[in-house]
Amino acid sequence: MGTLEISHLSKRFGDVVALDDMTFDVRAGELLGFVGSNGAGKTTAMRVVLGVLEPDAGEVHWEGRPLTLDTRRQIGYMPEERGLYPRMKVRDQLVYLARLHGMSTSDARASTDRWLDRLGVTARRDDEVQKLSLGNQQRVQLAASLVHDPRILVLDEPFSGLDPVAVDVMSEVLREKATEGIPVVFSSHQLDLVERLCDRVGIVRSGRMVVVGRVDELRAAGPRRLVVEGAQPASRWTAGLAGVRVLASDNGRTELELTDGADDQAVLRAALAAGPVRGFGDRRPSLTDLFRDVVSEASP
Ligand SMILES: Nc1ncnc2c1ncn2[C@@H]1O[C@H](COP(=O)(O)OP(=O)(O)OP(=O)(O)O)[C@@H](O)[C@H]1O
């Protein structure tokens, strides 16, 4: 199993620049979370990988070679606009899709039944897709991306609209596929989930991949954050501190950002001078914090 390499993709729709020299890779056996604001270019990038959209420039390679029609058939894709036939029965539809990807009828049936069972929709297998709830349609859509035993997984917002149990099942399946050695990339706005699940995260802004790495690496690269409990109000004791910015201050809890060279002991001394301090320590930024930092860097 090889790496999926997305190199220097550019794509415009009229005046809109959807992709602007986007480059990143998805390694064999990893789960990559693809995050970014609405309209940042995630869906466009995924559609280019799948080959349903031609880029203006750039290339996609897998195992060191450009993706061909044949290798693209080995991608399991979950589109954002769910692409099932509403009037077709669940099982028939999955068998049909697996056959379309070259599976024999008996393999297609076996694989369909296995995935329906795994995703908890066996009881609905003879129902038309349109009669299923949205969450169950989504489970079927995931089954559709997996039924042909893909060697690459590209999933556009697979978690949106799922109940917590379905989120767990979906997470488990994606993790398992990565463990099998498949490159797995999925987009999501549920950053807590991405943080928990992914090996690496890529943050997209205005068609460019601006940051990519493990969440702990991204954290280490950002400014240090401190939490001080007690010593209110913060405005009274933080004003004279060099390199210190107040991020939030309420209910006796102050969050600070320290730029290079700021002295945490000076912060503690200033806080103590203002009143009793009950808590003092580092605050690990969440992926949501990191995302906000990256997105706000864009503002002038
Ligand atoms: N077929 C199209 N025609 C015209 N503009 C398009 C088309 N597809 C995408 N765009 C534009 O390209 C930009 C990127 O859109 P894209 O759907 O890739 O973003 P996204 O990151 O997936 O957003 P979201 O998180 O909202 O799903 C947007 O400005 C969008 O309006």
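The values are calculated or read from the model by the stated rules, or taken from the named source; none is laboratory data. Quantities reported herein were computed from a predicted structural model and do not represent experimental measurements. We place every Cβ from the backbone using ideal geometry, glycine too, and count neighbours over all the protein chains shown.
For (1) touching a Lys or Arg at 6+ places or on another chain (Cβ under 7 Å); (2) modelled with pLDDT under 95; (3) part of a loop (DSSP other than H, G, I, E, B); (4) not assigned by TED's automatic domain parsing to the domain that holds L256, each residue gets a yes or a no:
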site: S160; (1), (2), (3), (4): no, yes, yes, yes
site: V165; (1), (2), (3), (4): no, yes, no, yes
site: V185; (1), (2), (3), (4): no, no, no, yes
site: V210; (1), (2), (3), (4): no, yes, no, yes
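If you check D199, D163, D192, D156 for being of a type in the set (D, E), within 16 Å of the ligand (Cβ to nearest atom) and more than 26 Å from A110 (Cβ to Cβ), only one passes: D156. Among the residues that make up the range 80-102, is at least one of them in contact with a helix residue (DSSP H, G or I) (Cβ under 8 Å, 6 or more places away or on another chain) and within 14 Å of the ligand (Cβ to nearest atom)? Checked against the condition, which is being in contact with a helix residue (DSSP H, G or I) (Cβ under 8 Å, 6 or more places away or on another chain) and within 14 Å of the ligand (Cβ to nearest atom), the range 80-102 yields at least one hit. Contact map, the range 192-212: first residue farther than 17 Å from A45 by Cα, second residue within 12 Å of the ligand (Cβ to nearest atom) and β-branched (V, I, T), Cβ cut-off under 8 Å, separation 6 or more or different chains; pairs are V194/V35. Count of the range 7-31 residues, restricted to those that are away from the ligand (no atom under 14 Å from the Cβ) and surrounded by 22 or more Cβ atoms within 10 Å (Cβ to Cβ), is 2.
Could you please find all residues in the range 48-87 being surrounded by 12 or more Cβ atoms within 10 Å (Cβ to Cβ) and either among the polar types (S, T, N, Q) or free of Cβ contacts under 8 Å to residues at least 24 places away in the same chain (or both)? Selection gives G51, L67, T71, R72, Q74.
For the condition modelled with pLDDT of 95 or more, within 13 Å of the ligand (Cβ to nearest atom) and of a type outside the set (G, A, S), V48 qualifies.
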